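Notes for the one structure printed next.
Values in this text are rule-based calculations from the coordinates and carry no lab data. No experiment lies behind these values; they were computed from the predicted model shown. Virtual Cβ from ideal backbone geometry, glycine too; neighbours counted across all protein chains shown.
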């Protein structure tokens with residue numbers, strides 16, 4: 001991890017990563033990619049105990065989805081190669097879509113029409 005006050009030759013201590021859920025034999029597993037901008041806190045203010053608490057969007061790393069309608073109906077998870085899980089909460093058209101990076105393979109769980 002690069003920190004603003006370290007030069008290019010210095011490295012940080014290993015940083016724990018906060019996740020939405022974690023425990024023995026269960027949890028989420030999503031690590032930031034190299035060069036991702038992350039938000040770091042330090043346990044009890046100790047700079048030797050960094051914790052990554054999230055990733056940040058920026059001009060260099062723009063969001064994978066834009067909320068153009070302002071209704072915030074779409075939630076998605078997109079992997080580095082482009083696989084996606086899309087949750088569409090549009091009222092009356094709710095569905096979950098899983099699609100690979102080629103977009104040739106797709107599973108749609110259509111809540112309204114009760115079909116896969």
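With contacts taken as Cα pairs under 8 Å and at least 6 residues apart, the chain reaches a relative contact order of 13 percent.
Between the alpha-carbon centers of region 50-116 and region 1-43, tell me the distance in whole angstrom. Measuring centre to centre over Cα atoms gives 24 Å. Panel order for 49, 26, 84, by other beta carbons found within 10 Å of each beta carbon, from fewest to most: 26, 49, 84.
Over the Cα atoms of the chain, the radius of gyration divided by the Kirkwood radius equals 1.06; this is the Rg/Rh ratio.
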